[in-house]
Amino acid sequence: MALEVMAKATAPIPLDIAFRVEPGELLALVGHSGSGKTTLLRTIAGLWTPARARVAVNGTPWLDTAARVNLPPHRRRVGLVFQNYALFPHMSAAQNVMAAMDRADPVEAARILDLVNLHGLGDRRPAQLSGGQQQRVAVARALARRPKALLLDEPFSAVDRATREKLYAEIIALRAHLKMPVILVTHDVNEAQLLADRMLVIEKGQVVREGTTAEVMGDPRALHAMGVRELAAMLPATVAEHLPDGLTRLDGPSGPLFLPTVEGAPGSRVRVRIMAHEVILSRARPEGLSAQNILAGRIAQIVPGQGPGVMVHVALGGHEIIARITRRAADQMALQPGDTVHAIVKSMSVARDHIARAPNGE
Amino acid sequence: MDWTALELSLKLAFWTVVILLPVSILFGRFLAFRRFRGKALVEALVMLPLVLPPTVLGFYLLVTLGRNAPIGQWWHGVFGSQLVFSFQGLVVASILFNLPFAVQPAQRGFQAIPPEVREAASCCGMSPLRSLWKVELPLAWPGVVTAMVLTFAHTLGEFGIVLMVGGSIPGETRTIAIAIYDRVQAFDTSAAATMSAVLVAISLFTIAVTFALSARVGRRLG
């Protein structure tokens, strides 16, 4: 049930993009506003038709301008979560969910609402729900359509940071139930890195880079499109112990990591996003330093940036951490691929919403 | 008190509302959602009866519905009666004259629906007709109800065009507004006063009920 998309247009925005999403895969479309990512989503849903386009699910075309096929949105089996949710204000949560079913089924609606942690709130109208709850109703409604493709348009942008952290965790947990291709449109690289299997970086309607988040992070052009300050590595880790001083000790790929309280019982697996501009490199293992995390590794590659910076990828036990340092520092230290260095990460430099539970099976 | 005139007015208002209800929904929705060349002209045409003197509209109706005009001739051929100076003629005039009241509030009601809510309806698998029934009408109905109440109240109060197209035939075209005018002309002030008071009461009641209803809807959705 793979989703294939090709779209070309010159107006209202230039667009020349083709990509494919596999069943169960979550692809993040990342780009600045105006890059064309929402237009792509609308093309897939049938809310907009580019000059030349093809959208097919499992080989069956929904849209093929060459063959004059263009199914209206209601005949495409698509689940779309709108940026502002677009719930039906005159219906209860359960009615909203049932509105997307071929035949209204209250039992099934209750089951889907349970799935998105809205147990017992089916009778509430959207106006009586919090922003996070409204987003969950929107996700439930999209799932109730039994979609062959699930499309999420900036679904976390309208909630506060604390709610967003919870919703991230819920989407990650929900992944086990999603057998269809999923597309997440976002301008938030953190979101894409935490949630997506693959990223598609878009600029001015064109693909700058497509690949796993690690691959994308190694590409200077993609970094330029995303904003180089978004450069970060994802490290897998396991919660080891909650310490009495408020820190949590995690077991990382190359020794312990001390971070401010990480939610989750000991043994639970998480992924930690470490921003490249927060990482300091040292040749010798430093002493008398306030930073709590000193990770020894080997330089895998040094990628020059467009400005005064370079990106140093340091391999640690099968994973990578990235340090964005000045070219001057790299020259002074005479860093070369293969060298052993110590990456220094302040505990306090890792934000709470940069830590997420690892998807199942990882 | 001329009860026949009141009954005739209510009958005229009823038929005007019945015929204009689908027009209000379909045409109001069309103007709310569609963009096309000449839309401003169409909207201006709909609004025209609001600014024209009733005599102007009445004059054109007399000309087009009269026995010498094609429409009048066709009507005469089919029904064997003439359209002007008849109740049917009044209904036609009333429909045209009430177009701005029937279409505008409904159009505003449909325009108030966020576009993405309508898009969500189609992404939920609803056909346009189902979306109209399940999503658009429930959200736009305060506008549609306002349109119908205004049409109803306005028909009760219409004078000039009725006089032009219908005259003052008792039981056929003499509405309550005309009857009041007749009574005043005949210096029968007390009858005119009673009928005026009845008209004020009915109109006030209708409009007040609508406002109360729409306030309740506002609370429900707010």
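Here are the numbers for the structure shown:
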quantity	calculated
Peptides A:133-140, A:74-81 ordered by average Cβ neighbours within 10 Å, highest first	A:133-140, A:74-81
B:W15 accessible area, 1.4 Å probe, all protein chains in place, Å² to nearest 10	110
Listed pairs A:K204/B:K134; A:K37/A:K148; A:K179/A:K204; A:K37/B:K39 exceeding 29 Å between Cα atoms	A:K204/B:K134; A:K179/A:K204; A:K37/B:K39
Between helix B:3-33 and chain B: long-axis angle, C-alpha atoms, 0 to 90°, nearest 10	30
Of all accessible heavy-atom area on region A:233-357, the percent that carbon and sulfur account for (1.4 Å)	52
In order through region B:148-155: 3J(HN,Hα) via Karplus (6.51 cos²θ - 1.76 cosθ + 1.60), integer Hz, x for Gly, Pro	5, 5, 4, 4, 4, 5, 5, 5
Farthest toward positive dipole pole in the protein assembly as shown [+1 Lys/Arg, -1 Asp/Glu at C-beta], among A:F258, A:P304, B:F79	B:F79
Amide H contacts under 5 Å for A:Q301, placed H, 5+ residues apart	A:H313
For region A:174-196 and region B:38-114, distance of Cα centres in Å	56
Length-normalised contact order for region A:3-228 - Cα pairs under 8 Å, 6+ apart - percent	29
Cα shape, region A:3-228, gyration tensor, a/c 1.5 rule	oblate
Distribution of pairwise C-alpha distances over region B:1-117, 5 Å bins, in %	2, 10, 16, 17, 19, 15, 10, 5, 3, 2, 0
Per-peptide average of other Cβ atoms within 10 Å, ordering B:171-179, A:237-245 highest first	B:171-179, A:237-245
Prolate/oblate/rounded label for region A:204-351 (Cα gyration tensor, a/c 1.5)	oblate
³J(HN,Hα) computed for each position of region A:260-265 - Karplus, 6.51 cos²θ - 1.76 cosθ + 1.60, integer Hz, glycine/proline x	x, 2, 9, 6, x, 6
Estimated vicinal HN-Hα couplings, Hz - region A:9-21 in sequence order (Karplus 6.51, -1.76, 1.60; Gly, Pro = x)	7, 10, 9, x, 10, x, 8, 8, 9, 9, 7, 9, 10
Convex hull volume per residue for region B:3-221, taking Cα atoms only, in Å³	141
Counting DSSP beta bridges with both ends in the protein assembly as shown, the antiparallel % (nearest 5)	80
Accessible area that becomes buried as A packs against B, both chains, 1.4 Å probe, Å², nearest 100	1700
Residues of the protein assembly as shown: accessible area per residue with a 1.4 Å probe, Å²	46
Relative contact order computed over chain B (Cα-Cα under 8 Å; 6+ residues apart), in percent	30
Exposure ranking of B:L132, B:L62 by accessible area [1.4 Å probe, largest first]	B:L62, B:L132
C-alpha center-to-center spacing [region B:181-215, region A:280-349] in angstrom	87
Global form of region A:151-291, assessed from the alpha-carbon gyration tensor, a/c cut-off 1.5	oblate
Viscosity 1.002 mPa s, temperature 20 °C, Stokes-Einstein D of the protein assembly as shown from Kirkwood C-alpha radius, µm²/s	74
Interface residues in region B:122-171 - accessible area drops by 10 Å² or more relative to the isolated chain, probe 1.4 Å	B:S122, B:C123, B:C124, B:G125, B:M126, B:S127, B:P128, B:R130, B:K134, B:V135, B:P138, B:L139
Distance between region A:3-81 and region B:8-34 - C-alpha centres, whole angstrom	40
Rounded to 10°, Cα long-axis angle of helix B:54-65 versus longest principal axis of chain B	90
Relative contact order (%) - criterion: Cα under 8 Å, at least six apart; region: region A:1-63	42
Estimated D of region A:1-100 in µm² per second, where Rh is the Kirkwood radius over Cα pairs and Stokes-Einstein applies at 4 °C, 1.567 mPa s	88
Protein-only accessible surface order, largest first, of A:F156, B:F101 at 1.4 Å	B:F101, A:F156
Percent accessible area from carbon and sulfur atoms, region A:95-159, protein chains only, probe 1.4 Å	44
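The values are calculated or read from the model by the stated rules, or taken from the named source; none is laboratory data. Please read these numbers as outputs of a predicted model, since none were measured by experiment. Cβ sites come from the backbone with ideal geometry, for glycine too, and all protein chains shown count toward neighbours. Surface areas here come from the heavy atoms of the whole protein model, side chains and all, with no ligands, DNA or RNA. Shrake-Rupley method; radii C 1.70, N 1.55, O 1.52, S 1.80 Å.
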